[in-house]
1. Could you give the dipole magnitude of the chain about its Cα centre, charging the beta-carbon of Lys and Arg +1 and that of Asp and Glu -1, in debye to the nearest 20?
2. Semi-axes of the chain's equivalent ellipsoid from the Cα gyration tensor, sqrt of 5 times each eigenvalue, largest first, rounded to whole Å?
3. Ranking Thr213, Thr154 by Cβ neighbours within 10 Å, fewest first, what do you get?
4. Fewest first, what order do Cys265, Cys68 take by the number of other Cβ atoms within 10 Å?
5. Once fully extended, how much extra length lies between Asp245 and Asp46, figured as 0.36 nm per residue of separation less the alpha-carbon to alpha-carbon distance?
6. Could you calculate the contour length gain from Lys39 to Ser142, that is, 0.36 nm times the residue separation minus the distance between their Cα atoms, to one decimal place in nm?
7. Which lysines have a Cα less than 25 Å from the Cα of Lys88, not counting those fewer than 8 places away in the same chain?
8. Note down the magnitude of the dipole of segment 179-334 about its Cα centre, charges +1 on Lys and Arg C-beta and -1 on Asp and Glu C-beta and zero elsewhere, to the nearest 20 debye.
Amino acid sequence: MVSTFQETKTKGFRPESEPINSKGLRLDPRGLLDIAEQKIDWDLLDTLAGRSLTSAQDLDRNLLGELCKLGCLLELTEIGQSHPLDGKTIITAFFEASTRTRLSFESAAHRLDAKVVSVPDGKVTGVAKGESLEDIGEMFNSYGDLVIMRHTETDSVERIQECLMRPLINAGNGSGEHPTQALVDWYALLKWRPDFLLPEPTKRPVHLGVIGTPGSMRAVKSFVFLALLFESHIERISIVSEMADPLGLELNKADQASTIPIQVCQDLDEVLPELDVVYMNSLAFLGDSYRDLDKSFRLHRDSPFKDGAIVMHPLARKNELDRNLDDTNKNLYFAQAAGAVFARQALLVSILGRLRALPDHLHYLTS
Ligand code: CP
């Protein structure tokens with residue numbers, strides 16, 4: 001067996017890591033596989049078969065790590081003739097607009113040879129005539145093997161699950177959660193700092209900054225749920241927000257169970273020079289409307305960043321993240337978006353119980 005993936009020339013792997021984002025940092029998936037000594041816990045991934053993912057809290061640190069390692073393996077692999085999701089039909093039901101989530105899920109599914117039935121806009125369903133989400137869930141039982149749903153309403157997950165018997169992936173529910181965005185975020189972050197997978201830090205723990213209100217920003221909420229699992233690797237979380245309690249009920253509860261201290265501050269430029277990782281988002285959900293990030297929170301090329309700091313953003317962005325950062329080594333957000341296909345492929349193959357349909361050499365090299 002080869003000693004590291006850096007040296008892998010095995011048939012079925014891409015010979016070089018191909019750049020998949022035009023600007024900013026590019027992340028090599030081999031580092032994460034090497035720090036894990038090329039081992040994947042296939043049995044642990046198998047526990048996802050037939051399960052739903054509706055909250056980031058459905059994942060623990062081990063499962064997140066295994067999904068990210070499998071994503072790295074898939075990023076390096078020519079899937080070729082193995083057709084791992086052949087015979088499976090995936091429903092992407094988007095009752096709210098999306099660029100990245102729907103298209104990266106559909107791209108992931110197509111590249112694994114699943115069939116995709118897509119609802120790109122809820123208005124083209126019976127919703128336009130007053131049909132209930134519960135009844136739509138009942139119909140989905142006979143139309144597909146897995147449902148990926150985005151909706152404007154926070155209770156949409158509970159409502160569709162009243163009748164849906166297929167596994168459900170929550171692709172964003174109002175101000176609720178966006179667990180696969182958090183998976184994608186951590187896929188990028190773990191490729192940037194593979195040592196986070198080790199039980200104890202081998203490098204200095206990071207100071208993580210979150211700009212916004214995680215309590216009402218679903219992607220940020222899911223991201224912070226997972227951040228709280230990395231107690232040895234994150235020394236502190238600073239939330240930069242104009243609100244007195246930006247965490248909200250669920251994150252406050254999760255925070256109490258974690259040893260990572262969380263502080264709230266209002267002055268971005270004061271805390272920015274201390275942050276290693278800066279996570280920002282654009283919009284907060286307020287029931288039936290959105291609110292932009294406070295105008296005082298802007299990042300640009302001349303912001304007072306710490307040396308080596310990186311910026312993450314789930315996108316889409318508005319004015320809070322200046323395009324003049326795109327061409328710098330602060331930009332992790334394009335790599336974040338680019339890795340989405342592979343992290344989501346790992347999830348689809350696991351939930352659909354098709355790990356053994358992946359090319360044999362993946363199992364041989366990593367078991
Ligand atoms: N990050 C994210 O959820 O993007 P979309 O709204 O484009 O899916």
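1. Its charge dipole is roughly 860 debye.
2. Values: eigenvalues 179, 156, 64 Å².
Working through the eigenvalues yields semi-axes of 30, 28, 18 Å.
3. Values: Thr213 26, Thr154 15.
With the sparsest Cβ surroundings first, the list reads Thr154, Thr213.
4. Neighbour counts put them in this order, fewest first: Cys265, Cys68.
5. Here the segment from Asp245 to Asp46 would lengthen by 67.8 nm.
6. On the way: separation 103, 0.36 × 103 = 37.08 nm, distance 3.73 nm.
Gain on extension, Lys39 to Ser142, equals 33.3 nm.
7. Hits, sequence-local ones excluded: Lys69, Lys115.
8. Working: 17 positive and 23 negative charges, 81 e Å.
The calculated dipole for segment 179-334 is roughly 380 debye.
Read-outs: derived from the displayed coordinates by stated rules, not from any lab. The shown structure was predicted, so the numbers you read here are calculated from the model rather than taken from an experiment. All Cβ positions, glycine included, derive from the backbone under ideal geometry; neighbour counts span all protein chains shown.
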